[in-house]
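Colleague: I have a structure I would like to understand better, so I am pasting it below and will then ask my questions one at a time.
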Amino acid sequence: MHPFSKLFLASATVALLFFNNVAYGAPVYLADNVSSPKGGGKPHGASIVELQNGDLLATWFSTEDETSRDTNIYGANWNRDTGKWSAPRVIVGAGYAKSIGNTTLFRDDDGIIWLFFAAVQIGGWSGAMVDYVQSHDDGKTWSDGKRFVGWPGNLPRNIPIKIGDHEALVPLFIDFWYEVGLTGSYTAKIKYKDGEVLSKEYASVEGADPIQPTIVKLPDGRILLLARDKGKKLIHRAYSGDNGDSWSKPEYTSLPNPDAAISAIFVKEVNGVLLVYNNSDKRRNPLSLAVSRDGGKSFRRVADIAYYPEDIKVTFSYPTLLRTSDGMIHAIWSHRDRATLKHVRFNVDWLKQVMESPMLGETEISKP
C-alpha cells in the first residue's frame with residue numbers, strides 16, 4: 001500500500017465521524033466537486049467566500065476558450081451541514097463585455113460581498129479592465145457592474161485582505177502584453193463605506209516577472225506578497241511594512257513555479273504561512289501545500305493535494321485558499337484540465353499531521 005493510502009484511509013474514517021459530530025479535534029480532510037452547468041464550458045478562475053450562516057459561495061468563469069464572447073460568471077452555494085453544492089447560476093452573463101473572467105470574492109466590514117472580475121473590452125486579456133458587482137444579501141441578488149480599474153490590461157486574481165476599519169488591500173496585476181513583458185503586480189488600498197469606494201491608492205511591485213500576487217498579513221504587522229513567475233520559474237516574494245503603501249524589491253523563493261497561479265493564507269495555530277502551488281517548474285501538476293514558519297523566507301512542502309504521474313498529461317490550476325470561522329481551511333481549483341472544480345477542506349489537526357510527517361508523496365484523496 002502506498003504510504004499516503006494509509007493517511008487517506010485514516011482521513012476517510014475521521015471524515016465519517018466528523019459528520020456525526022463525534023471527532024472534533026481529529027484530523028479531517030474531505031473533498032468534493034463543484035457542480036458545473038451542462039454545456040457551460042470549462043470552469044476556471046474560481047474564488048470562495050464565507051456567508052453569514054457559515055455556508056460558502058463559490059464563483060468562477062466558464063467557457064471553452066478564454067476571452068470568448070460566450071463566457072459567463074457562475075456562482076454556487078456550498079451547504080456546511082450537508083457538504084453539498086447547489087446548482088450553478090449565472091451571476092454575470094455573456095454580453096456584459098466582450099468577455100469576462102478571473103473572479104475574486106471579498107466580504108467587507110458591512111457584510112457586503114464584492115465580486116471583482118476581469119472585463120475584456122477588446123481583444124484578449126490585454127484589453128481587460130477590473131470591474132465588480134456587489135451583493136447585500138449573501139449572494140442572492142447582485143448589483144449592476146462598476147468599474148474599479150479603468151485602463152486596459154489589468155486583472156484581479158487573489159482575495160483582498162482587510163487591513164483596517166473599512167479598509168482593504170486588493171492584489172492586482174497587469175497583463176497588457178504578456179509575450180513582451182508588459183506585465184507586473186500591484187495593490188490597491190481602498191477605504192470604503194456602505195459599498196462605496198471612498199479612496200484608492202496604488203502601490204506597484206518592481207519588475208515584469210511577478211504577476212497574480214497573493215497577500216498575507218503577518219503577525220509582526222508586515223504584509224507578505226507572493227507571486228506567480230513568468231521568467232525564472234520560481235515564486236517571488238516581497239514585503240510591505242507600511243500597510244501596502246509600498247513594496248520591497250521582490251526576491252525569488254526556492255519554490256518552483258511553472259508560470260501558474262498560487263494562493264496563501266496565515267494559519268495562526270501553526271504560526272505559519274500556508275501556500276498552495278504547483279510544485280514544478282514545467283507543468284501544473286502536482287498541486288501542493290507548503291508551509292513557511294519564518295514569514296515567507298523559507299518554505300517546506302508538506303503534501304500534494306492533487307497529483308498524476310508525469311506520463312499522464314493533466315493539469316491542476318488556479319487554486320484559492322480560504323479560512324472559515326469554524327476553523328476549517330478550504331481550497332478550490334480547476335481540476336483535471338478544467339474538467340471540473342475541485343473543493344477540499346481540512347482542519348488544523350490534519351495540517352499539523354502532515355507537517356509533522358515526512359513528505360508522503362502523492363495524495364490519493366483528490367484522485368477521481
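The values are calculated or read from the model by the stated rules, or taken from the named source; none is laboratory data. These numbers were taken from a predicted model, which means no experiment stands behind them. When we count neighbours, we look across all protein chains shown, and the Cβ atoms used for this are built from the backbone with ideal geometry, even at glycine.
Colleague: Among the numbered criteria (1) surrounded by fewer than 23 Cβ atoms within 10 Å (Cβ to Cβ); (2) of a type in the set (G, A, S); (3) in contact with a helix residue (DSSP H, G or I) (Cβ under 7 Å, 6 or more places away or on another chain), which single criterion is violated by A303?
Modeller: Going through the list (1) surrounded by fewer than 23 Cβ atoms within 10 Å (Cβ to Cβ); (2) of a type in the set (G, A, S); (3) in contact with a helix residue (DSSP H, G or I) (Cβ under 7 Å, 6 or more places away or on another chain), A303 breaks only (1).
Colleague: Which of the residues that make up the range 123-136 are under 17 Å from D194 (Cα atoms) and either among the charged types (D, E, K, R) or not in a loop (DSSP other than H, G, I, E, B) (or both)?
Modeller: Within the range 123-136, Y132, V133, Q134, S135 meet the criteria.
Colleague: Then there's this: Against the definition (of a type in the set (V, I, T) and at pLDDT 80 or above), how does V28 come out, yes or no?
Modeller: yes
Colleague: For the range 36-55, what are the residues that are modelled with pLDDT under 85 and either under 22 Å from T324 (Cα atoms) or touching a helix residue (DSSP H, G or I) at 6+ places or on another chain (Cβ under 8 Å) (or both)?
Modeller: Once the filter is applied, which keeps residues that are modelled with pLDDT under 85 and either under 22 Å from T324 (Cα atoms) or touching a helix residue (DSSP H, G or I) at 6+ places or on another chain (Cβ under 8 Å) (or both), the range 36-55 yields nothing.
Colleague: Still on this model: For residues in the range 137-182 being assigned to a loop (DSSP other than H, G, I, E, B) and among the charged types (D, E, K, R), which is surrounded by the most Cβ atoms within 10 Å (Cβ to Cβ)?
Modeller: That would be R157.
Colleague: A follow-up question, please. Given the conditions (1) in contact with a strand residue (DSSP E or B) (Cβ under 6 Å, 6 or more places away or on another chain); (2) in a loop (DSSP other than H, G, I, E, B); (3) of a type in the set (A, V, I, L, M), report the number of the one that V314 does not fulfil.
Modeller: (1)
Colleague: Are any of the residues in the range 203-218 outside any loop (DSSP other than H, G, I, E, B) and more than 26 Å from G272 (Cβ to Cβ)?
Modeller: Checked the range 203-218: at least one residue is outside any loop (DSSP other than H, G, I, E, B) and more than 26 Å from G272 (Cβ to Cβ).
Colleague: Return the residues of the range 56-94 that are modelled with pLDDT under 95 and either touching a Pro at 6+ places or on another chain (Cβ under 8 Å) or not in a loop (DSSP other than H, G, I, E, B) (or both); say none if nothing qualifies.
Modeller: Answer for the range 56-94, where residues must be modelled with pLDDT under 95 and either touching a Pro at 6+ places or on another chain (Cβ under 8 Å) or not in a loop (DSSP other than H, G, I, E, B) (or both): just T63.
Colleague: Restricting the search to the range 155-179, which residues are over 21 Å from the mean Cα position of the chain (by Cα) and over 21 Å from Q121 (Cα atoms)?
Modeller: Within the range 155-179, G164, D165, H166 meet the criteria.
Colleague: Considering only the range 271-313, state which residues are among the β-branched types (V, I, T) and in contact with a Gly (Cβ under 8 Å, 6 or more places away or on another chain).
Modeller: Residues satisfying the conditions are V273, V291.
Colleague: Output the residues belonging to the range 117-136 that are of a type in the set (A, V, I, L, M), free of Cβ contacts under 8 Å to residues at least 40 places away in the same chain and surrounded by 22 or more Cβ atoms within 10 Å (Cβ to Cβ).
Modeller: Those that are of a type in the set (A, V, I, L, M), free of Cβ contacts under 8 Å to residues at least 40 places away in the same chain and surrounded by 22 or more Cβ atoms within 10 Å (Cβ to Cβ): A118, A119.
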